[in-house]
Amino acid sequence: MNTTPRPRGKPEGDRSKDCLYHDQDAPGSRARGTGSAAYIGLGEEAGKTGTTNDGVDLWFIGYLSNRRIVTGVWLGNDNNSATNGSSWISAQLWGQYMRKFFPPPKKPAASEPPSVE
């Protein structure tokens, strides 16, 4: 096993599109970017995806602000080889995991419109 540290490059350009954005003050705000796979519909989730050089590590760190909880998902190989995926996968796993513990609220059943007489 090669234990030589891999060189770290500096960030390239604006990576902010990789975030799961949420603005609690914006009605109907939705997730966008690679982090959109982590959207669970609670209206409080936010987080950040990441990928190291050559796709060796894939991760997502997310939080639920009203519940004061932070969790993360890391994917990678023990031998420091590149993975065959993107950080979208780690965001998706985070969303699936969090939905098990914090399911989104059920939508109310549609009601009939009032009758007009």
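So the values come out like this:
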| item | result |
| --- | --- |
| Which listed residue is at pLDDT below 90, over 17 Å from the mean Cα position of the chain (by Cα) and of a type outside the set (Gly, Ala, Ser), from Asn84, Asn77 | Asn84 |
| Condition check for Thr71: modelled with pLDDT of 85 or more and within 15 Å of the chain's Cα centre (by Cα) | yes |
| Complete set of residues in segment 83-106 that are touching a helix residue (DSSP H, G or I) at 6+ places or on another chain (Cβ under 9 Å) and surrounded by 15 or more Cβ atoms within 10 Å (Cβ to Cβ) | Thr83, Ser86, Ser87, Trp88, Ile89, Ser90, Ala91, Gln92, Leu93, Trp94, Gly95, Met98 |
| In segment 31-81, the residues that are among the charged types (D, E, K, R) and surrounded by fewer than 21 Cβ atoms within 10 Å (Cβ to Cβ) | Arg32, Glu44, Asp54, Asp57, Arg67, Arg68, Asp78 |
| Close pairs (8 angstrom Cβ cut-off, 6 or more residues apart or separate chains): under 10 Å from Ala82 (Cβ atoms) in segment 44-60, charged (D, E, K, R) and in a loop (DSSP other than H, G, I, E, B) anywhere | Thr52/Arg6; Thr52/Arg8; Asn53/Arg6; Asn53/Arg8; Asp54/Arg6; Val56/Arg6 |
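The values are calculated or read from the model by the stated rules, or taken from the named source; none is laboratory data. Because the structure is predicted, anything quoted here is derived from the model rather than measured. Heads up, the Cβs are rebuilt from the backbone with ideal geometry, glycines too, and the neighbour counts pull from every protein chain shown.
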